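Presented below is the structure to which this report refers.
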Amino acid sequence: MSTPENMKDVKPWLLVLVAAALALALGVGGIWDPLERRVYDKSIGLLSAGNSIMDGYVEVIGIDEASLQSVGPWPWSRAVLADLLERTAKTGAQVIVLDVLLAEAKEDDVGLQSTMAGPASIILPYQGIATSVVYPHPSFLSHATLAHGDVLVDPDGRVRRIPALTAGKTEDDTPMLVPPPPGVISPLAVSIEAVRQFVGINRDRGTAPLVLPVRVQSNTLSIGVAEYPLDRRGNLLFTFPPVGGSTSVWPPGKMHSAVDVLNGKIEPGQLENKLVFIGTTAVGLPDRHMSSKIHHGPIPGVFVHAATAWALLSGNVVGLMSPVMLGLLTLALIVFEVGYVYRQEVMPSLLVTLLGLLITGLLYIVLIFYYHIWFPIVHLVGTTVVFYVYGLAYRYTKAKAARERLANSLCRYFSPSVLEEILASEAGLVTREVEGTVLFADLSGFTSLAEKLPPLTTVSVLNQHLTGLVEIVFEYGGTLDKFTGDGVMAFFGAPLPNSAHRELAVAAAWDMQEFCEGLSKRGKTGFELFQLKLAVGIASGRFVVGNIGAGDRYDYTAIGDVVNTAARLEQLAGPGEILLDEHVAGNLSCQWEIQDVGKQLLRGKQSLQQVYRLVGRRGRDHDQANGGKENLNN
């Protein structure tokens with residue numbers, strides 16, 4: 001039952017440090033990341049669903065199954081691609097991203113290059129990092145803008161971000177003016193380059209296209225005067241456009257089959273002032289990625305680039321909460337937990353924690369759905385839970401230590417069974433008025449006996465008697481108040497109420513007398529002890545019990561007129577005599593034989609008191625008479 005000293009002395013600040021270390025380890029170790037990503041995906045899905053109208057700037061021409069059946073298997077010839085680009089340009093598209101890697105030279109490249117020199121601006125992707133970059137064939141450099149088509153795959157295999165700059169490039173304080181001169185490759189993502197050109201063309205209709213500067217600096221992407229947030233590594237978090245009730249990744253009204261374009265089913269001007277992405281969408285073709293569209297499986301890469309362009313043009317790029325604000329929010333939650341949870345009971349602290357989590361959740365909803373700002377809510381919730389659990393551990397340790405201190409201080413007052421019941425029921429030991437019975441017992445003749453015995457023997461004799469008396473008090477569920485020199489004071493009916501407190505007190509007094517008589521006859525010390533007999537006084541009524549004292553010194557004791565009456569009855573009683581007041585005598589069962597002593601003037605009393613003497617017991621089985629220990633809870 002004992003608690004190690006190091007557990008008793010656990011300090012709140014130490015648990016706070018341990019909780020902080022654990023929360024940090026869980027965060028750095030990536031324990032929360034899988035759930036964090038899933039919550040992010042759900043949020044992005046709901047965010048996309050909340051955009052009821054898609055801005056009509058970005059359209060996709062997909063090389064789908066119908067196109068493959070009509071034209072032939074992939075890859076297509078450069079002549080077919082040239083025809084597709086030419087017909088797309090005739091529909092009015094101003095900027096076209098051909099999401100096809102043209103790494104090798106073909107015999108019919110001349111026609112494709114000639115088409116790229118048309119009125120529409122053509123962007124081609126390159127892929128890879130460092131020395132593993134795969135570029136389009138150099139013959140296309142003078143006819144199209146080259147930008148990187150890489151995506152960033154998260155540890156769970158999903159694409160949620162694209163690098164603003166190609167791998168190996170860093171932010172530059174100097175604006176990058178694009179398009180680059182012939183033969184120079186842009187370090188920007190194809191979607192960013194496409195948006196830059198598209199916005200420049202549509203800035204002032206009827207005038208020459210503007211060359212908008214692009215800057216990647218301090219977690220911010222600037223295209224002209226427009227700014228977009230990036231994560232701390234220069235990646236852009238994109239969202240998908242709403243698709244209404246469709247199960248498609250891309251809105252059906254903004255997606256066209258390549259075969260329809262080749263067959264002239266797209267009217268001239270139908271894609272006027274549009275940013276068009278052309279790429280493979282047929283199942284089984286390469287360039288497919290898992291995304292935050294968790295129920296769609298792998299999606300074509302062209303949709304990722306098109307969605308990024310749509311997010312830029314429609315202002316649906318997701319930003320991150322600044323490290324300072326995130327740190328302040330985390331610190332606020334920790335202070336909230338430490339300041340309140342570590343000081344409250346279990347239920348109030350749980351409510352406080354739930355309130356903190358509710359506020360955090362509402363803040364997350366407002367920021368992500370109204371301001372497109374995301375923060376790692378799972379990490380914050382996990383940190384809060386860690387501190388709450390450690391708060392529970394602290395309160396448990398503190399409560400256990402307090403319980404043991406209480407048990408150690410009360411074990412001299414109660415029997416082990418009663419003490420366990422008090423601790424289990426959390427019966428308050430606060431000062432209160434109770435209905436009970438008080439018993440005083442004194443060893444008559446002990447003073448004269450002590451004159452005849454050696455000091456150590458005197459102590460041994462006294463301890464033998466007092467030990468037996470205390471055991472009897474505990475056997476009947478009584479509370480030991482104190483030792484009165486060569487006697488004891490006890491009371492019954494408190495702190496646990498018991499309606500049979502008078503019977504228990506009288507039965508205990510009777511057994512005390514029998515115990516002393518038997519011990520005297522045994523004479524274990526080698527001396528005649530027959531002259532040691534008990535004088536007992538018992539009184540019943542209302543009195544006050546509780547921890548009474550001053551400073552750090554308290555005793556659980558009883559105070560009241562009933563206590564004084566019982567003490568005076570004990571002083572009046574002769575050796576071997578048990579005196580009762582009228583409240584005890586009038587409420588005993590028929591097993592007890594009592595004798596009226598008449599009215600007596602007790603010391604300190606102003607009026608005469610009716611006194612009775614206990615002279616006999618008709619039944620010897622006190623467990624049947626008074627219920628014994630089985631009735632202690634009645």
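The values are calculated or read from the model by the stated rules, or taken from the named source; none is laboratory data. The model shown is predicted, which means the values in this text are computed figures rather than measured ones. Cβ: placed from backbone, ideal geometry, glycine included. Neighbour counts: every protein chain shown. Please note that ligands, DNA and RNA were not included when accessible areas were found on the heavy atoms of the full protein model with its side chains. Shrake-Rupley method; radii C 1.70, N 1.55, O 1.52, S 1.80 Å.
Sort 336, 474, 303 by accessible area with a 1.4 Å probe, largest first.
Accessible-area ranking of 336, 474, 303, largest first: 336, 474, 303.
Between residue 105 and residue 263, what's the calculated FRET efficiency when r is the beta-carbon distance and R0 is 25 Å? Round to 0.05.
Plugging the Cβ-Cβ distance into 1/(1 + (r/R0)^6) gives 0.30.
Roughly how many nanometres apart are two label points built 7 Å out from the Cα toward the Cβ at residue 133 and residue 405?
With each label point 7 Å from Cα toward Cβ, the separation is 7.0 nm.
Please report the accessible area of residue 599 (heavy atoms, 1.4 Å probe, ligands and nucleic acids excluded) in Å², nearest 10.
Estimated to the nearest 10 Å², residue 599 gives 130 Å².
Compute the separation of the alpha-carbon centres of segment 26-42 and segment 285-364 and state it in Å as a whole number.
If you average the Cα positions of each part, the centres end up 10 Å apart.
So which GluC sites (Glu not before Pro) in segment 267-368 end up in coil per DSSP with only 16 or fewer other C-beta atoms within 10 Å?
272, 345
Work out how much length residue 14 to residue 603 would gain on full extension: take 0.36 nm times their residue separation and subtract the Cα-Cα distance, in nm to one decimal.
206.1 nm
Between residue 609 and residues 5 or more places away or on another chain, which pairs have amide H atoms under 5 Å apart, with H built 1.01 Å from N, and which residues are they?
Those lying under 5 Å, H to H, from residue 609 are 600, 601, 602.
What dipole magnitude, in Debye to the nearest 20, does segment 232-368 give about its Cα centre under +1 on Lys/Arg Cβ and -1 on Asp/Glu Cβ?
160 debye
Calculate the all-directions average of the projected area of segment 282-385's alpha-carbon convex hull, and give it in nm².
8.9 nm²
Pop out the ³J(HN,Hα) list for segment 585-600 in order, Karplus 6.51 cos²θ - 1.76 cosθ + 1.60 with θ = phi - 60°, rounded to Hz; leave Gly and Pro as x.
My calculation for segment 585-600 gives 4, x, 10, 8, 6, 6, 6, 9, 9, 10, 10, 6, 8, x, 7, 10 Hz in order.
Counting other Cβ atoms within 10 Å, keep those with at most 16, restrict to DSSP loop, and tell me which trypsin sites (Lys or Arg not before Pro) in segment 76-133 are left.
For trypsin sites (Lys or Arg not before Pro) across segment 76-133 that sit outside H, G, I, E and B with at most 16 neighbouring Cβ atoms in 10 Å, the list reads 106.
Accessible surface of residue 142 in the full protein assembly, 1.4 angstrom probe, to the nearest 10 Å²?
90 Å²
Among 514, 503, what's the order by accessible area (1.4 angstrom probe), most exposed first?
Reading off the accessible areas and sorting them downward yields 514, 503.
I'd like the carbon and sulfur percentage of the solvent accessible area for segment 221-309, probe radius 1.4 Å, heavy atoms only, ligands and nucleic acids excluded.
Summing carbon and sulfur atoms, their accessible area is 52 percent of the total for segment 221-309.
Starting from the Cα-Cα distance between residue 393 and residue 65, subtract it from 0.36 nm times their residue separation and give me the gain in nm to one decimal.
So the chain would gain 112.0 nm between residue 393 and residue 65.
What list of ³J(HN,Hα) values in whole Hz, one per residue of segment 323-330 in order, does the Karplus curve 6.51 cos²θ - 1.76 cosθ + 1.60 (θ = phi - 60°) give from phi, with Gly and Pro shown as x?
Per-residue couplings from phi come out as x, 5, 5, 5, x, 5, 5, 4 Hz.
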